[in-house]
1. Select from the stretch 51-93 the residues that are buried (at least 17 other Cβ atoms within 10 Å of the Cβ) and in a helix (DSSP H, G or I) and list them in ascending order.
2. Considering the stretch 151-173 alone, what residues qualify as being open to solvent by less than 50 Å² (accessible area, probe 1.4 Å) and either within 18 Å of Gly108 (Cβ to Cβ) or in contact (Cβ under 8 Å) with a residue 60 or more places away in the chain (or both)?
3. Answer yes if at least one residue in the stretch 142-152 is modelled with pLDDT of 95 or more and in contact with a Gly (Cβ under 8 Å, 6 or more places away or on another chain), and no otherwise.
4. Checking Ala197 against (1) open to solvent by 10 Å² or more (accessible area, probe 1.4 Å); (2) in a helix (DSSP H, G or I); (3) in contact (Cβ under 8 Å) with a residue 24 or more places away in the chain, which test does it fail?
5. Got a number for residues in the stretch 112-150 being crowded, with 19+ Cβ neighbours inside 10 Å and either part of a strand (DSSP E or B) or among the polar types (S, T, N, Q) (or both)?
6. For the stretch 16-38, enumerate the residues that are modelled with pLDDT of 95 or more and under 21 Å from Trp152 (Cα atoms).
7. Name the residues in the stretch 200-235 that are free of Cβ contacts under 8 Å to residues at least 40 places away in the same chain and in contact with a Leu (Cβ under 9 Å, 6 or more places away or on another chain), would you?
8. Which residues, counting only those in the stretch 145-191, are among the hydrophobic types (A, V, I, L, M, F, W, C) and either under 13 Å from Met206 (Cα atoms) or in contact with a Cys (Cβ under 6 Å, 6 or more places away or on another chain) (or both)?
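The values are calculated or read from the model by the stated rules, or taken from the named source; none is laboratory data. Predicted model, so just to flag it, every value in this text is computed and none were measured. Cβ atoms come from the backbone with ideal geometry, glycine included; neighbour counts cover every protein chain shown. Surface accessibility is based on the protein's heavy atoms, side chains included, excluding ligands, DNA and RNA. Shrake-Rupley method; radii C 1.70, N 1.55, O 1.52, S 1.80 Å.
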Amino acid sequence: MGILLSDRAQVFADVRPYWSPEAVKRVTGKELTGIAANGIIHLINSGSAALDGTGQQRDADGNPVMKPFWDITADDVARCLDATSWRPANRGYFRGGGFSSQFVTKGGMPVTMSRLNIIKGLGPVLQIAEGYTVELPEDVHHILDNRTDPTWPTTWFVPRLTGNGAFKDVYSVMNSWGANHGSLSYGHIGADLITLASILRIPVAMHNVPEEKIFRPSAWGAFGTMDLEGADYRACQNFGPLYGKNRK
């Protein structure tokens, strides 16, 4: 869904540890600053990830981006490759050997993490977290990265907090996430994902998209106007999936 809505590669990653400011201070002696000051989530995939996730592609102003493939230049390709190392696979995980693509994502990119959970008795449920990539000082990154596996590609992610529910703090985002994987798209595409999910009758369990940016069919209003997440579940259950064996 992220590819179809954004026309850009998606970065698949494990949602690994949450690092609190206190824990980072304890193990590195350094304090998190800026948008990372409230804690960070380590997105790190066991083996590989799309090299677009290096953040080495550039827009006209020199900012890191992930472009639609038809806009990627030869210079973009060269920078992505130069920022990537090919590490021998950890034999404890990959008995057959091979290599991992290892990089660290550039900071400052707006991104949207999403996950589709398939739940018995309920069906598909979507989760969305808009936020930003951040860069850590090299010595801090090195210490934290070695707590998992330094041969894997890393993205340091900070979700945009709302102060409520699953987005009251960074830990709550990770703790509310279904299992330990997510797909990272360039840009804040949460509103588009929510609209697409309503078309497909997929309820959204958690998101931090501002209410004024959300569009769902007007019929959703008949299922409640205060608790909009609850109304989404009721509407999707009532109308049934657009596709599938349970279609009404």
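1. If the condition is that a residue be buried (at least 17 other Cβ atoms within 10 Å of the Cβ) and in a helix (DSSP H, G or I), then Leu51, Asp52, Gly53, Thr54, Asp76, Arg79, Cys80 are the ones that fit.
2. Matches in the stretch 151-173: Thr151, Trp152, Pro153, Thr154, Thr155, Trp156, Phe157, Val158, Pro159, Val170, Val173.
3. Within the stretch 142-152, not a single residue is modelled with pLDDT of 95 or more and in contact with a Gly (Cβ under 8 Å, 6 or more places away or on another chain).
4. (1)
5. 13
6. Tyr18, Trp19, Val24, Val27, Thr28
7. Glu211, Ile214, Arg216, Trp220, Tyr233
8. Leu161, Ala166, Phe167, Val173, Met174, Trp177, Ala191
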